[in-house]
Amino acid sequence: MTHALLVIDVQNDFCPGGALAVPGGDEVVAPINAMMTDFDAVILTQDWHPAVHSSFASQHDDKNPFDTTEMHYGEQVLWPDHCVQGTEGANFHPGLNTHADLVIRKGFRKDIDSYSAFFENDRETPTGLEGYLKSRGIAKLTIVGLATDFCVHYSAVDAARLGFDVTVRTDACRAIDMEGSLAAAKQAMKAAGVKLE
Ligand code: VGL
Ligand code: ZN
């Protein structure tokens, strides 16, 4: 069975010193590089926002980073400005092996965020990744990267819902973990049939 490694958002802004640093975010680089040779395909995702993006707290009056707000598609966490297209923060961590088959960018529409590699946060606008994987005959996915409780979580749940056989390697992931989000994410992934290793 064709098995792909899906590497989520291993970018400077999610690593120590970055705008939305995930604790220990850079620690995933070495294990991910080491895993790459074990797969038939390697796909990277890149969080890729316009400088003015509705998920940024800076675009909302009286809001601070990590507050939530109601968007047309439901509740949304507001983030510090991060992964702005073309900036150093949006680049992959310099140690990451980027010799991948595909780089899929997400979050490029101003009015909607996209945690998942498959669907934007309205849960229905597709990124095109499902078609890519299915047309290559990829049925099995191992997911790693940042952050466990947001983009890894949403990508894994969507992948399982779309019928892929999904494993998340938690040793090659790190979490933001705000207000119990990591425990909730693990619960949701398990409920969706995702294997956590
Ligand atoms: C992410 C928050 C905002 C992630 C991306 O990669 O988990 N989290 N944008
Ligand atoms: Zn983002």
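None of the figures in this text is laboratory data; all of them are computed from the coordinates on show. The structure displayed is predicted, hence computed values, not measured ones. Backbone-built Cβ (ideal geometry, glycine too); neighbour counts: all protein chains shown.
Less than 5 angstrom separates the built amide H of Phe56 from those of Trp79, all sequence-distant by 5 or more or on a different chain.
The Rg/Rh ratio of segment 10-154, with both radii computed over alpha carbons and Rh defined as the Kirkwood radius, is 0.96.
Dipole orientation for the chain: of the candidates Thr125, Leu196, Ser181, Leu196 has the Cα lying most toward the positive pole (charges on Cβ; Lys, Arg +1; Asp, Glu -1).
If you average 1/r over all unlike Cα pairs in segment 141-197 and invert the result, what Kirkwood radius do you get in angstrom?
Details: mean 1/r = 0.0934 Å⁻¹.
For segment 141-197, the Kirkwood estimate is 10.7 Å.
Can you list which of the GluC sites (Glu not before Pro) found in segment 111-167 are DSSP loop residues with at most 11 other C-beta atoms within 10 Å?
Values: sites: Glu120, Glu124, Glu130; in loops: Glu120, Glu124.
Listed in order of number, the matching sites are Glu124.
Beta bridges from DSSP with both residues in segment 1-127: antiparallel share about 35 percent, rounded to the nearest 5.
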